[in-house]
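Q: My structure is below; once you've seen it, I'll send some questions.
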Amino acid sequence: MADLNAKQIQKSVKIAPGAVVCVESEIRGDVTIGPRTVVHPKARILAEAGPIVIGEGNLIEEQALLINCFPENIIPDKKDVEPKTMTIGINNVFEVGCISQAMKIGDNNVVESKAEVGRNVILTSGCIIGACCQVNTCEVIPENTVIYGSGCMRRVQTERPQVSRY
Amino acid sequence: MASLLQADRVLYLVSGEKKIRSPLSQLYYCRYCSELRSLECVSHEVDSHYCPSCLENMPSAEAKLKKNRCANCFDCPCCMHTLSTRATNIPSPLPDDPAKTTMKKAYYLACGFCRWTSRDVGMADKSVASGGWQEPENPHTQRINKLIEYYQQLAQREKVERDRKKLARRRTYMPLAYSEKYGLGTRLQRQRSGAPISGLAGLSLKEGEDQKEIKIEPVQALEEVEPLPEDYYTRPINLPEVTTLRQRLLQPDFQPIGASQLYPRHKHLLIKRSLRCRKCEHNLSKPEFNPTSIKFKIQLVALNYIPEVRIMSIPNLRYLKESQVLLTLTNPVENITHVTLRPCEEGDQDDLNSTATVAVSPKELLLAGKDAAAEYDELAEPQDFQDDPDVVAFRKSNKIGIFIKVTPQCEEGEVTLSFKMRHDFRNLAAPIRPIEEGEQGNEPIWLTHHVELSLGPLAP
């Protein structure tokens, strides 16, 4: 069943059948949400500088912020800036209060509570960004990397935790 | 809450071997010596051992045997968090019918913080939830044990020699007294007991053990050392595989270089300690034996006996201009306390850090007793204290606000000042002698404390 939100249908928010999107969430801009994705109340998905495409089976918890924003020192000018699409793969988890600006996110990643992922980071698959870790480097995070601790230590995990869905 | 209260702005001076200045919340009060004590002038004693994660108590002898580690709990070798046991279902063939498979539970250890699992180092899943995990054996254990035994024996022999020398010298003077003290005074006594009694704790042989000679082989120095591999300097480092110094040094017997050799270790035990005043040997703090209880059997903290000074509001402080600072005094005991403040005299040795002079009123301040039921008692008559409005700003149950006048003397830096607080203290310990008629059981004693306040920088 598709729960469509009468309040939030902007010109281009496409919600696939099977997704659960709560009324209290804030979705702005050109957003595509895949099937079996759950968007909790008070989550915010803002497609300011371009469209956002979210895949299947993702979990976006309360107060998470997925934002496709302009790079900091470029003033948006209508002609020059080409809108870049932010793609999010399948089975990702965005826990409570996290902020994600990464342009490309693969599958099975977990961004834990209050973590911040910067704009120039690319998450591949199986990455876990630990709670309160801020990753604002300019790099591709290799597969199965765990970033944890106050010093953002890294290690490679050999197992992916089994994702349990409803 | 600690940062809200800013407890380290008001320091009390503890007179002892070292003059220590510390906030009242970290001090103890010895009721018998009538003095403040800090953590450095008390002796710390170990009360009991317990594991912080399973809260299991352990007697000291058992703790020593297990090298102060818990038997059930493990630490993650990667991030030192506590490991939790997780279960998975794996298909395994039935014992009677190898064709069919049934789901059996397999357990592995996993860390919730850094996602380390016991499968990372190759530890097989166990079929029992607890008790199946073994720590790796240290290859040098045997040699180390042998060395320890040899040195125990050596220490013992030396002690006996020393005792014998002392006795040999003094034998002509006081043979009887010394024979009791060491127990080996005369030759007869020594020949009777099988093993000598050593005073060295931890390095003593058990009584009655045979004194057999333990010989150890000295370590051989090798001429040839294994050469480094050729690509030692050119091989690119795989950073996630290299252990950090902290991870390495937490396992001093192995010190693994690679993360694939990091095995989990048993969790360290923590202790509950009791504090004892060094002068009068009374206990100042004695916790409960039960690890789950945070209460104390004896708790002589200074906050329960000494009035507490807190800074309430600070105006803009200017160089050489007198301003009024509002302090609060709180009475922790249940009877009325009389407090007098006076500034430090010239040339006071305790007055090292003040950068401002202070003028306080010499009048005696009355602090009402702490009444726990006062907030529920609506019909209570407000006690009538004649307060001088210049000195006392407000009064609220057992707390009063007082004004002091501060004149900063230094142009730059923090404004700190000090004063002496004198108050009376009634010792509520049960009197040893029975109270006769007409005699007051509790005589108040007057205590003086040196208090230092740090008021922050001058206004720009």
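The values are calculated or read from the model by the stated rules, or taken from the named source; none is laboratory data. Here the structure is a predicted model, which is why all the values come from computation and not from measurement. Every residue, glycine as well, gets a Cβ built from its backbone with ideal geometry; the counts of neighbours run over all protein chains shown. Just the protein is used for accessible areas: all its heavy atoms, side chains included, with ligands, DNA and RNA removed. Shrake-Rupley method; radii C 1.70, N 1.55, O 1.52, S 1.80 Å.
Q: Quick one: which of B:303-311, A:16-24, A:146-154 comes out on top by average Cβ neighbours within 10 Å, and what's the full order, highest first? Could you put the intermediate results ahead of the total?
A: On the way: B:303-311: 19.3, A:16-24: 15.7, A:146-154: 17.4.
In descending order of packing, they fall as B:303-311, A:146-154, A:16-24.
Q: Could you order peptides B:137-148, B:221-232 by the average number of other Cβ atoms within 10 Å of their residues, highest first?
A: B:137-148, B:221-232
Q: Of all the accessible heavy-atom surface of segment B:1-96, with the other protein chains kept in place and a 1.4 Å probe, what percent is carbon and sulfur? Write out the running numbers ahead of the final one.
A: Values: 2790 of 5350 Å².
With neighbouring chains kept in place, the figure for segment B:1-96 is 52 percent.
Q: Rank B:H268, B:P256, B:N353 by how far each Cα sits towards the positive end of the charge dipole of segment B:250-378 (+1 on Lys, Arg Cβ; -1 on Asp, Glu Cβ) and give me just the farthest.
A: Of the listed residues, the answer is B:P256.
Q: Return one whole number: the accessible area per residue of segment B:24-81 in Å², for a 1.4 Å probe.
A: Numbers: 2800 Å² over 58 residues.
Here the residues of segment B:24-81 average 48 Å² of exposed surface.
Q: What is segment B:228-326's relative contact order, in percent, from Cα pairs under 8 angstrom and six or more apart in sequence? It would help to have the intermediate numbers written out before the result.
A: On the way: 73 pairs, mean separation 11.4, N = 99.
Relative contact order comes out at 12 percent.
Q: Rounded to the nearest 100 Å², what is the sum over both chains of accessible area buried where B meets A, with a probe of 1.4 Å?
A: Working: alone 31020 and 9130 Å², together 39140 Å².
Counting protein atoms only, the buried area is about 1000 Å².
Q: Ok, one more. Between the chain alone and the structure with every protein chain in place, find the residues of segment A:135-149 that drop at least 10 Å² of accessible area; heavy atoms, 1.4 Å probe.
A: A:V146, A:Y148, A:G149
Q: Would you kindly state how much longer the chain becomes between B:D350 and B:E137 on full extension, computed as 0.36 nm times their sequence separation minus their alpha carbon distance, in nm to one decimal? Let's see the in-between values first.
A: Details: separation 213, 0.36 × 213 = 76.68 nm, distance 5.69 nm.
Answer, rounded to one decimal: 71.0 nm.
Q: Need the per-residue list for segment B:227-275: every residue with at least 50 Å² less accessible surface in the complex of protein chains than in the chain by itself, probe 1.4 Å, sorted by number.
A: Buried-area filter returns B:P240.
Q: R0 = 51 Å: FRET efficiency of B:D390 with A:C152, Cβ-based, nearest 0.05? Working shown, then result.
A: Values: r = 57 Å, r/R0 = 1.12.
Between B:D390 and A:C152 the formula returns 0.35.
Q: Assuming R0 = 25 Å, can you tell me the calculated FRET efficiency for the pair B:K297 and B:K19, based on Cβ-Cβ distance, to the nearest 0.05?
A: Numbers: r = 31 Å, r/R0 = 1.22.
For R0 = 25 Å, the calculated efficiency reads 0.25.
Q: Set the Förster distance to 30 Å, then compute FRET efficiency between B:Y232 and B:K64 from the Cβ-Cβ distance, nearest 0.05. Mind showing how you got there, number by number?
A: On the way: r = 42 Å, r/R0 = 1.41.
With a Förster radius of 30 Å, E is 0.10.
Q: Give the span of segment B:1-53's Cα atoms along each principal axis, as three whole-Å numbers ordered largest to smallest.
A: Reported extents, whole Å, longest axis first: 36, 33, 20.
Q: Just the number, please: carbon plus sulfur as a percent of the accessible area of segment B:207-351, 1.4 Å probe, no ligands or DNA/RNA counted. Could you put the intermediate results ahead of the total?
A: Details: 5380 of 10320 Å².
It is 52 percent, rounded to a whole number.
Q: Could I ask something else about it? Please compare each pair in B:K18/B:K159; B:K18/B:K420; B:K146/B:K166; B:K19/B:K272; B:K67/B:K146; B:K19/B:K295 to a cut-off of 24 Å on the Cα-Cα distance and tell me which ones are over it.
A: On the way: B:K18/B:K159 35 Å; B:K18/B:K420 19 Å; B:K146/B:K166 31 Å; B:K19/B:K272 27 Å; B:K67/B:K146 18 Å; B:K19/B:K295 30 Å.
Pairs exceeding 24 Å: B:K18/B:K159; B:K146/B:K166; B:K19/B:K272; B:K19/B:K295.
Q: Along Cα→Cβ, 7 Å out, is where each label goes; now give me the distance between the ones at B:V225 and B:A124 in nm to one decimal.
A: 3.9
Q: Please report the relative contact order for segment A:97-145, taking Cα pairs under 8 Å with a sequence separation of at least 6, and give it as a percent rounded to a whole number.
A: On the way: 126 pairs, mean separation 17.4, N = 49.
With pairs under 8 Å counted, the relative contact order is 36 percent.
Q: What does the net charge come to around B:G401 if you take all other residues with beta carbon closer than 14 Å to its beta carbon, with K and R at +1 and D and E at -1? Spell out each step's value before the answer.
A: Details: positive: B:R310, B:R395, B:K396, B:K399; negative: B:E308, B:D387, B:D388, B:D390.
Around B:G401, the charge tally is 0.
Q: What ³J(HN,Hα) values, in whole Hz, does the Karplus curve 6.51 cos²θ - 1.76 cosθ + 1.60 give for segment A:41-48 when θ = phi - 60°, with x put for Gly and Pro?
A: x, 6, 6, 10, 10, 10, 9, 7
Q: Name the long-range amide H neighbours of B:R273: under 5 Å, sequence gap of 5 or more, or other chain; modelled H, no Pro or chain starts.
A: B:D47
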